[in-house]
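Read the structure below first, then the notes.
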There are 2 protein chains.
Amino acid sequence: MLEESVNENISCPLPIQHHDKIVLGHGSGGKLTHDLIQRVFFPKLGNRILESGDDSGIIDLDSGVKLAISVDSHVVSPLFFKGGDIGRLAVCGTVNDISMSGATPLYFTAGFILEEGLDHQILTNVIESMEKAAKEAGVLMVAGDTKVVQKGKADGLYITTTGIGIVPDNVNIRGANARPGDVIILSGTIGDHGIAVLEARNELGFTSGIASDVAPLNKLVSEMLAECNELHVLRDPTRGGLATTLNEIARQSNVCILIEENRIPVKPPVMAVCEMLGYEPIYMANEGKLIAIVPEKYAAKLLETMQNNRFGSESVIIGTIIEKPQGKVLLKTQLGTTRVIDMLSGEMLPRIC
Amino acid sequence: MLEESVNENISCPLPIQHHDKIVLGHGSGGKLTHDLIQRVFFPKLGNRILESGDDSGIIDLDSGVKLAISVDSHVVSPLFFKGGDIGRLAVCGTVNDISMSGATPLYFTAGFILEEGLDHQILTNVIESMEKAAKEAGVLMVAGDTKVVQKGKADGLYITTTGIGIVPDNVNIRGANARPGDVIILSGTIGDHGIAVLEARNELGFTSGIASDVAPLNKLVSEMLAECNELHVLRDPTRGGLATTLNEIARQSNVCILIEENRIPVKPPVMAVCEMLGYEPIYMANEGKLIAIVPEKYAAKLLETMQNNRFGSESVIIGTIIEKPQGKVLLKTQLGTTRVIDMLSGEMLPRIC
């Protein structure tokens, strides 16, 4: 029924343009990024681990140890914003990517690309922020590298972090594990990070008061694992926002994801800015939120567990997994209509992380 | 005796300037890089693993598995040069860092920072080169990330790679393990990579014919481990060259390193370019060479093993470890004098890797 009722709303997506040049959208985390990965990276460097499409690659060592490995380059602009900075982002982003496989993040590496002329004090502040975030998350930096490029060949500094974690026995959390009947829980309000960075760029023209949500989610996840041993999917909706992340999962699991707009928490100032600028909150980046997909029978108890953690205090159920149309995400709007929401196309806010 | 005879040649090093701004030299791999690490990174992010000062951090997992983890950001300019490119460099550099702990490199991650406007074909060529190098070394990419920054905020592309390897049981190879009486073996000619990149920048004004030595050394190392179970130190003399690498080891092991200039193999065109430009080959970057420090009784057999590998065919013994002056590197020149050689100070060739 549902499938039929939305069929006319399913827009026929335009074919992705095959650019001769790299455009900002190739770094959006949305359609163009996926296209680049599929066309350029996977044919040459692809393998079963890399192509899983999850936030970290899972490695089975001969010894029986299961490692989770992730990587993220951080190019956020500006370097500092309300609630965080590139250093906190680099540590938390990596901690969260590892956590989304249910693994315990333990170690990380960091490669710094510094621009000639960068103030020492700025670097020191970023390092202090990394220290604080690493302590908060309980992770150790085990390798580092520093390169310097000429003035004008970077923008202050870039940090690439790789995370290393251990997947506990019997944990199998992947984007491909969502099943019809499962419930989708979101750990709090969306769009905060995107708006905080936008404001730090002085692009708003007023003060929204919104701080980035950037935070390490590993303790929240460990509490969730202790409560529920049948978590199907965990994912943090960063670049590309909730809509892109859900689309990834719908495709990986070959299911349909149905969410309800009026259940998705958005802070009023975030909503106000989005309306003013023509953005949709579901495409805005988050850096301290996760979605969990679990069998319905665990949902209520898991929700309670999440709400008891400071980073999940505003957790809510936002939808369910249904069978069809496979690979699609449907949004039941506040007006009662249902529309297909796609991945982010193009680039909304470059260098958001 | 030796100590006294060289005392007058030991220059009193100038105190390192504490710059307010980041300068290119902070990325040289030499004195300024070490200073930055000691003053800014270690006080905040330091720990036993990070501060070992080796090419990779060694992690003892609870399960008894020993991981070797390394990271390197690659910003070489230009992206392509005779004998290699940034892609081959990124894979081989990481494979070699892992190998220098005696570990078997198995996996790597890669974070790409792309400049808006980069030709797709350039990216494709780099990825193809990474594929080839990864196959040659037998390593798999297990996680990747792509960011795009605005035109002028990067220089084509930067790649940060993290390597993951397993340290075999009973292998304990560290920069701190050199002992008086040990012999130093160098796996071939030095300076090739530095000159190849310099030539690709059209800074020579003529064709030297020199190709970069960039190569994965993991198979060479595994053959060395099979031959000798008492390797004390392995290190690849990359940024900062042979002189900087040996200084690091002399400090880590608290010994003196004595090498003989006329034993160090340098290709005639490399020597010619260095003489012309006022460079010393011992400070030039290499990307496919290693030094091994071993008890003398193993040296002859190990040398033979190395010479039988294509990447070690020109291996030679270049010196020995003596007791004093501790933390110093002495070069016996072709004229018979002995001089102290220090780490690279300042920046000779920015963005060499």
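Given the conditions (1) facing chain B (nearest Cβ under 7 Å); (2) open to solvent by less than 10 Å² (accessible area, probe 1.4 Å); (3) closer than 26 Å to A:His26 by Cβ, which single one is not true for A:Val95?
So the condition that A:Val95 fails would be (1).
In region B:241-353, which helices (runs of 4 or more DSSP H) lie fully inside it and hold 2 or more residues that are under 16 Å from the mean Cα position of the chain (by Cα)?
Correct list: B:241-253.
Regarding A:Arg174, is this residue under 25 Å from B:Ala143 (Cα atoms), open to solvent by 20 Å² or more (accessible area, probe 1.4 Å), more than 9 Å from chain B (Cβ to nearest Cβ) and touching a residue at least 24 places away in the same chain (Cβ under 8 Å)? Working first, answer last.
On the way: under 25 Å from B:Ala143 (Cα atoms): yes; open to solvent by 20 Å² or more (accessible area, probe 1.4 Å): yes; more than 9 Å from chain B (Cβ to nearest Cβ): yes; touching a residue at least 24 places away in the same chain (Cβ under 8 Å): yes.
Criteria met by A:Arg174.
Which of the residues that make up region A:154-171 are buried (at least 21 other Cβ atoms within 10 Å of the Cβ) and out of contact with any helix residue (DSSP H, G or I) (no Cβ under 6 Å at 6 or more places or on another chain)? Walk me through it before giving the result.
Start the filter on region A:154-171 by keeping residues that are buried (at least 21 other Cβ atoms within 10 Å of the Cβ), which leaves A:154, A:156-165, A:167.
Once the filter is applied, which keeps residues that are buried (at least 21 other Cβ atoms within 10 Å of the Cβ) and out of contact with any helix residue (DSSP H, G or I) (no Cβ under 6 Å at 6 or more places or on another chain), region A:154-171 yields A:Ala154, A:Gly156, A:Leu157, A:Tyr158, A:Thr160, A:Thr162, A:Ile164, A:Val167.
So is B:Gly30 open to solvent by less than 20 Å² (accessible area, probe 1.4 Å), at pLDDT below 95, away from chain A (no Cβ under 11 Å) and in contact with a helix residue (DSSP H, G or I) (Cβ under 8 Å, 6 or more places away or on another chain) or not?
On the way: open to solvent by less than 20 Å² (accessible area, probe 1.4 Å): yes; at pLDDT below 95: yes; away from chain A (no Cβ under 11 Å): yes; in contact with a helix residue (DSSP H, G or I) (Cβ under 8 Å, 6 or more places away or on another chain): yes.
So B:Gly30 fits the description; yes.
Quick one: A:Lys82 ticks every box in (1) more than 7 Å from chain B (Cβ to nearest Cβ); (2) modelled with pLDDT under 95 except a single one, so which number is it?
(2)
May I ask you to verify whether A:Ala133 is buried (at least 21 other Cβ atoms within 10 Å of the Cβ), within 13 Å of another protein chain (Cβ to nearest Cβ) and out of contact with any strand residue (DSSP E or B) (no Cβ under 6 Å at 6 or more places or on another chain)?
Working: buried (at least 21 other Cβ atoms within 10 Å of the Cβ): yes; within 13 Å of another protein chain (Cβ to nearest Cβ): yes; out of contact with any strand residue (DSSP E or B) (no Cβ under 6 Å at 6 or more places or on another chain): yes.
Yes; evaluated as a whole, the condition is true for this residue.
For B:Ala226, state whether it is closer than 20 Å to B:Ala133 by Cα, of a type in the set (A, V, I, L, M, F, W, C) and either open to solvent by 10 Å² or more (accessible area, probe 1.4 Å) or assigned to a helix (DSSP H, G or I) (or both). Explain how you work it out, then say what you get.
Details: closer than 20 Å to B:Ala133 by Cα: no; of a type in the set (A, V, I, L, M, F, W, C): yes; either open to solvent by 10 Å² or more (accessible area, probe 1.4 Å) or assigned to a helix (DSSP H, G or I) (or both): yes.
In short, no.
Answer yes or no as to whether A:Gly111 is crowded, with 24+ Cβ neighbours inside 10 Å, in contact (Cβ under 8 Å) with a residue 24 or more places away in the chain and closer than 24 Å to A:Gln150 by Cα. Spell out how you get there, then give the answer.
Details: crowded, with 24+ Cβ neighbours inside 10 Å: yes; in contact (Cβ under 8 Å) with a residue 24 or more places away in the chain: yes; closer than 24 Å to A:Gln150 by Cα: yes.
The answer is yes for A:Gly111.
Out of region A:242-277, which residues are in contact with a Ser or Thr (Cβ under 7 Å, 6 or more places away or on another chain) and open to solvent by 10 Å² or more (accessible area, probe 1.4 Å)?
A:Leu258, A:Glu261, A:Pro265, A:Val266, A:Lys267, A:Pro269
Across region B:177-187, what is the number of residues that are crowded, with 21+ Cβ neighbours inside 10 Å and either at positive phi or over 15 Å from the mean Cα position of the chain (by Cα) (or both)?
Filtering region B:177-187 for residues crowded, with 21+ Cβ neighbours inside 10 Å gives B:178, B:182-187.
Then keep just the ones that are either at positive phi or over 15 Å from the mean Cα position of the chain (by Cα) (or both); that gives B:178, B:182-184.
Summing the residues that are crowded, with 21+ Cβ neighbours inside 10 Å and either at positive phi or over 15 Å from the mean Cα position of the chain (by Cα) (or both) in region B:177-187 gives 4.
I'm checking my understanding of the structure. Among residues of region B:278-305 that are surrounded by fewer than 24 Cβ atoms within 10 Å (Cβ to Cβ) and among the hydroxyl-bearing types (Ser, Thr, Tyr), which one is nearest to B:Ala226 (Cα to Cα)?
Result: B:Thr305.
Can you tell me how many residues in region A:114-130 are open to solvent by less than 10 Å² (accessible area, probe 1.4 Å), more than 7 Å from every other protein chain (Cβ to nearest Cβ) and either of a type outside the set (Val, Ile, Thr) or on the phi > 0 side of the Ramachandran plot (or both)? If you could, list the steps in order and put the result at the bottom.
Within region A:114-130, the first condition is being open to solvent by less than 10 Å² (accessible area, probe 1.4 Å), and the residues that meet it are A:114, A:123, A:126-127, A:130.
Subset that is more than 7 Å from every other protein chain (Cβ to nearest Cβ): A:126.
Still in the list and also either of a type outside the set (Val, Ile, Thr) or on the phi > 0 side of the Ramachandran plot (or both): none.
Number of matching residues: 0.
Would you confirm, using the coordinates I've provided, whether A:Ile58 is facing chain B (nearest Cβ under 9 Å) and buried (at least 21 other Cβ atoms within 10 Å of the Cβ)? Give the derivation first.
Details: facing chain B (nearest Cβ under 9 Å): yes; buried (at least 21 other Cβ atoms within 10 Å of the Cβ): yes.
Spelling it out, A:Ile58 is indeed facing chain B (nearest Cβ under 9 Å) and buried (at least 21 other Cβ atoms within 10 Å of the Cβ).
Looking at (1) open to solvent by 20 Å² or more (accessible area, probe 1.4 Å); (2) more than 24 Å from A:Gly209 (Cβ to Cβ), which one does A:Gly319 not meet, given that it meets all the others?
Answer for A:Gly319: the failing condition is (1).
Do we find that A:Val233 is more than 15 Å from A:Asp54 (Cβ to Cβ) and open to solvent by less than 10 Å² (accessible area, probe 1.4 Å) in this structure? Write out each step before concluding.
On the way: more than 15 Å from A:Asp54 (Cβ to Cβ): no; open to solvent by less than 10 Å² (accessible area, probe 1.4 Å): yes.
Taking the combined requirement at face value, the residue does not satisfy it.
Kindly indicate whether A:Asn218 is on the phi > 0 side of the Ramachandran plot and touching a helix residue (DSSP H, G or I) at 6+ places or on another chain (Cβ under 9 Å).
Details: on the phi > 0 side of the Ramachandran plot: no; touching a helix residue (DSSP H, G or I) at 6+ places or on another chain (Cβ under 9 Å): yes.
So A:Asn218 fails the test.
Would you be able to say whether some residue in region B:344-351 is among the acidic types (Asp, Glu), surrounded by 19 or more Cβ atoms within 10 Å (Cβ to Cβ) and out of contact with any Lys or Arg (no Cβ under 6 Å at 6 or more places or on another chain)?
Taking region B:344-351 and keeping what is among the acidic types (Asp, Glu), we get B:347.
Those still in the list that are surrounded by 19 or more Cβ atoms within 10 Å (Cβ to Cβ) too: B:347.
Add one more test, that the residue is out of contact with any Lys or Arg (no Cβ under 6 Å at 6 or more places or on another chain), and what stays is B:347.
Among the residues of region B:344-351, at least one is among the acidic types (Asp, Glu), surrounded by 19 or more Cβ atoms within 10 Å (Cβ to Cβ) and out of contact with any Lys or Arg (no Cβ under 6 Å at 6 or more places or on another chain), which makes the answer yes.
Given the conditions (1) farther than 19 Å from B:Ile173 by Cβ; (2) within 11 Å of another protein chain (Cβ to nearest Cβ); (3) surrounded by fewer than 24 Cβ atoms within 10 Å (Cβ to Cβ); (4) in contact (Cβ under 8 Å) with a residue 12 or more places away in the chain, which single one is not true for B:His74?
Of the numbered conditions (1) farther than 19 Å from B:Ile173 by Cβ; (2) within 11 Å of another protein chain (Cβ to nearest Cβ); (3) surrounded by fewer than 24 Cβ atoms within 10 Å (Cβ to Cβ); (4) in contact (Cβ under 8 Å) with a residue 12 or more places away in the chain, the odd one out for B:His74 is (3).
The values are calculated or read from the model by the stated rules, or taken from the named source; none is laboratory data. Nothing here was measured: the structure is a model prediction, and the numbers come from that model. All Cβ positions, even for glycine, are placed from backbone atoms using ideal geometry, and neighbour counts span all protein chains on display. Just so you know, the surface numbers come from the protein's heavy atoms only, side chains and all, with ligands and any DNA or RNA stripped out. Shrake-Rupley method; radii C 1.70, N 1.55, O 1.52, S 1.80 Å.
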